[in-house]
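The values are calculated or read from the model by the stated rules, or taken from the named source; none is laboratory data. On a predicted model such as this, the values are computed, not experimentally measured, just so you know. All Cβ positions, glycine included, derive from the backbone under ideal geometry; neighbour counts span all protein chains shown. We work out accessible area using only protein heavy atoms, side chains counted, and drop any ligands, DNA or RNA first. Shrake-Rupley method; radii C 1.70, N 1.55, O 1.52, S 1.80 Å.
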Amino acid sequence: MDPQERKKAREKALRLLEHMDRTKKGLSDRLRQAGFSEETAEDAIEYVESFGYLDDERYARTYIAGRIHQKSRKKIMAELGQRGIDRETACRAWEEAQELWEPDERLVLKGTILKKYPENSRLDEKEMRRLYGFLVRRGFSWNDINSVLEELDISLYG
């Protein structure tokens, strides 16, 4: 490994972490996009990890904390997986967050629906299908969606 290349990769890794926390995968991807080899990127990752600047578990906790009252557990876990956080780490972080903030997914679901439609709304079939699709893509269960829509008295007109 070229010492100059190694130094550049380490400096780039540090600069990338100055602006925002990243996962190992995220940092590796950015270093590879910048033209560094896999070996050089791995060395830079080990370097910043040795100082505690890169920590996937901390990233997962922070990520969950910022979204726990806005998204479903299923959606958050999927997003963490896309960012390279393994399932075990994500589950541990979720359990910690759940103890701290005691999230209520039905309340999050209710807020998500109310952003789109007020209580007692009557929707046509197309609007209802779009609403269901929107909510399912955000990780909410059919049972919860049906229950909350009934509670808010949002239904098909006609």
Output the qualifying pairs, or none if there are none: Cβ atoms under 8 angstrom, residues six or more apart or on different chains, first residue in the range 64-76 and in a helix (DSSP H, G or I), second residue among the aromatic types (Phe, Trp, Tyr) and open to solvent by 40 Å² or more (accessible area, probe 1.4 Å).
-> Ala65/Trp101
Looking only at the range 2-27, which residues are hydroxyl-bearing (Ser, Thr, Tyr) and free of Cβ contacts under 8 Å to residues at least 24 places away in the same chain?
-> none
(1) under 23 Å from Arg137 (Cβ atoms); (2) not in a helix (DSSP H, G or I): which one isn't true of Gly52, the others all being true?
-> (1)
Enumeration of residues in the range 54-72 that are open to solvent by 80 Å² or more (accessible area, probe 1.4 Å) and either in contact with an Asp or Glu (Cβ under 8 Å, 6 or more places away or on another chain) or at pLDDT 95 or above (or both) | Arg61, Thr62
Name the residues in the range 12-36 that are open to solvent by 80 Å² or more (accessible area, probe 1.4 Å), part of a helix (DSSP H, G or I) and either of a type outside the set (S, T, N, Q) or at pLDDT below 95 (or both), would you?
-> Arg15, Glu18, His19, Lys24, Lys25, Arg30, Arg32
Sole miss for Thr40 among (1) open to solvent by 30 Å² or more (accessible area, probe 1.4 Å); (2) hydroxyl-bearing (Ser, Thr, Tyr); (3) in contact (Cβ under 8 Å) with a residue 24 or more places away in the chain is condition (1)
Answer yes if at least one residue in the range 76-87 is open to solvent by 90 Å² or more (accessible area, probe 1.4 Å) and at pLDDT below 95, and no otherwise.
-> no
